[in-house]
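Enquirer: First the structure, then my questions, so here it is.
Rule-based calculations on the coordinates, nothing more; no lab input. Keep in mind it's a predicted model, so treat the numbers as computed, not measured. Every residue, glycine among them, receives a Cβ derived from its backbone with ideal geometry; neighbour counts consider all protein chains shown.
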Amino acid sequence: MKLILHIGTGKTGTTALQQFLCANARKLREHGIHYAAPPDEFNFNSITNAQLLTGLDKFRTFFLHHLAEAERAGAHTIIASSEILYSIRWRARCVGKKSSADALFEEHNLVGRLRASIPEEMECHVLCYVRRPDHWLESVYNQNVKSGILFTGDVIDFLGMTEDMLDYHRCLSIWREVFGSSACSVRVYESALPNLIGDFVEHVLQSVDISSFTRSHLRANERLSRDVLEYKRLRNKNIPDYERRLESRILALVDKRIINPSNNHEYLSPDERAALLSSLEPSMDRLRTEFALPPFPRFNLDAARASWRSYPGLSLEKGREIEFHYNAVQRQIGFRLERLVIRAAALTRRRLPFLSWFLDFARASRVRRLLLEAANPFR
């Protein structure tokens, strides 16, 4: 049995690819391919999160279950995808407040545990897409201000937290050490555009004809406009972690109501961008050499300086417009009910911790999903 383990990176079309694979799981099985994900999920991020946050060995149970499923279906290949796998080092630092060195050790340890959890019958191949580091940094920064760790700093502050993740060669060397160099491959995100799914099918699935497969025409995981993102960044310090997903959905609706929003998403100045790329050039050269990669898009400093327009910040007038729409959206009955339930659950965890098992069960089951769906007509 062959296992294709897609480890990210995030912000390289990962969500769209995962949703495509999940939506076409039945048709993939007709070609002998089993897509592995927990029920009602389109990736196995929840398994990776559980492994990192609780220390419980969820990986082996997950792979054994899907190995049995694949064998029953007569499949010869299993695909599993979790972009969190690439970013374990960074998440370990955020969750456990660990130093870079401790997190690096933790990442190597966790990748090793992952490898040991994969049944011997599986021939594992690790796949990772990478993006030019400055563009990846800006996209991840946007994502984390919008819905991730409720970040409140600017992009340079964020760079200080994520700089070691931009060293693709060092990060992926861990995977080569654990899985073997012949079992790891890397592809350049920009070279795969404009059809990342087509690139994945051509170079990973190869002989599979996807002409009859379901294709989503919606962009997955769209970013907020710059003005709404700045509004969200300023609010983040006052948002409890357990309400971050709710706030993200509210702001996504607000974003659709704003008139003439700014879409200036160049968070780095030309000189900051040039300095970052220069510092990472040795790592990028080693990555291209060892994985036989095409070059990343070139950066022209003079052209960037000529076209650079810095973001002036959120104006008072635009801030008032966003605030008006935010208040209107979050007062909708569906969102008010959801916020009430979330806060009641958080209070219960603090005051009555012995009931946490019941809340975890409700969250893992379809109960929570059904409640949210029931509230949709009121939004």
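Enquirer: Tell me, what ³J(HN,Hα) does each residue in segment 19-33 have, in order and in whole Hz, if you take phi through Karplus 6.51 cos²θ - 1.76 cosθ + 1.60 with θ = phi - 60° and put x for Gly and Pro?
Expert: 5, 4, 5, 5, 5, 10, 4, 5, 5, 5, 4, 5, 9, x, 10
Enquirer: While we're on this one: Which far-off residues, 5 or more places away or on another chain, put their amide H under 5 Å from the one on L3, with H placed in the peptide plane?
Expert: Here the answer is I78, E123, C124, H125, since their amide H atoms fall under 5 Å of that of L3.
Enquirer: Placing unit charges on C-beta atoms (Lys and Arg positive, Asp and Glu negative, everything else neutral), compute the dipole magnitude of segment 2-205 about its Cα centre in debye, rounded to 20. Walk me through the numbers on the way to the answer.
Expert: Working: 21 positive and 24 negative charges, 48 e Å.
About 220 debye.
Enquirer: Would you pull out the residues with amide H under 5 Å of R187's amide H, same chain only if 5 or more places away, H placed 1.01 Å from N?
Expert: So R187 has HN proximity to C128, Y129, V130.
Enquirer: Let me ask something else. Can you list residues from other chains, or at least 5 along the same chain, whose modelled amide H is less than 5 Å from the amide H of Y35?
Expert: Residues meeting the criterion, in which the H sits 1.01 Å from N, are I79.
Enquirer: How much of the pair distance distribution for the chain lies past 36 Å, counting alpha-carbon pairs only, in percent? List each step's numbers first, then the result.
Expert: Values: 19367 of 71631 pairs.
For the chain, the fraction of Cα-Cα distances above 36 Å is 27 percent.
Enquirer: So which aspartates and glutamates can K2 reach, going by Cα to Cα under 14 Å and dropping same-chain residues fewer than 8 places off?
Expert: Candidates past the 8-residue exclusion: E69, E71, E120, E121, E123.
Enquirer: Same structure again: For segment 2-205, build the convex hull from the C-alpha positions and give me its volume per residue in Å³.
Expert: Working: hull volume 24.3 nm³, N = 204.
Measuring per residue, one finds 119 Å³ for the Cα hull of segment 2-205.
Enquirer: Per residue of segment 167-177, in order, report the coupling 6.51 cos²θ - 1.76 cosθ + 1.60 (Karplus, θ = phi - 60°) as ³J(HN,Hα) in whole Hz, putting x for Gly and Pro.
Expert: Working through the residues one at a time gives 7, 4, 4, 5, 5, 6, 4, 4, 5, 5, 5 Hz.
Enquirer: Restricting to segment 2-205, compute how many DSSP beta bridges are antiparallel as a %, nearest 5. Working shown, then result.
Expert: Values: 0 of 19 bridges.
Expressed as a percentage, antiparallel bridges in segment 2-205 total about 0.
Enquirer: Dipole magnitude of the chain about its Cα centre, charges +1 at Lys/Arg Cβ and -1 at Asp/Glu Cβ only, in debye to the nearest 20?
Expert: Working: 54 positive and 45 negative charges, 317 e Å.
So the magnitude is around 1520 debye.
Enquirer: Taking Cα pairs under 8 Å and at least six residues apart, what relative contact order does segment 111-233 come out at, in percent?
Expert: Values: 70 pairs, mean separation 52.0, N = 123.
Relative contact order comes out at 42 percent.
Enquirer: So what is the relative contact order for the chain, in percent, with contacts set as C-alpha pairs under 8 Å and at least six apart?
Expert: Working: 429 pairs, mean separation 68.0, N = 379.
Result for the chain is 18 percent.
Enquirer: Only counting other Cβ atoms within 10 Å, I'd like Y141, Y326, Y168 sorted with the fewest neighbours first. Show your work: numbers first, answer last.
Expert: On the way: Y141 27, Y326 20, Y168 24.
Fewest-to-most Cβ neighbours within 10 Å comes out as Y326, Y168, Y141.
Enquirer: Which distance in Å, rounded to a whole number, links the C-alpha centroids of segment 170-206 and segment 1-72?
Expert: 16
Enquirer: Test of understanding: ordering D167, D134 by Cβ neighbours within 10 Å, fewest first, what list do you get? All intermediate terms of the calculation are to be shown ahead of the outcome.
Expert: Values: D167 18, D134 23.
Starting with the residue having the fewest Cβ neighbours, the order is D167, D134.
Enquirer: Follow-up. Over segment 2-205, calculate the relative contact order: mean separation of alpha carbon pairs under 8 Å at least 6 apart, over the residue count, as a percent.
Expert: Numbers: 248 pairs, mean separation 57.2, N = 204.
Value for segment 2-205: 28 percent.
Enquirer: Return L340, L17 ranked ascending by Cβ neighbour count within 10 Å, so the fewest neighbours appear first.
Expert: Placing the least packed residue first, the sequence is L340, L17.
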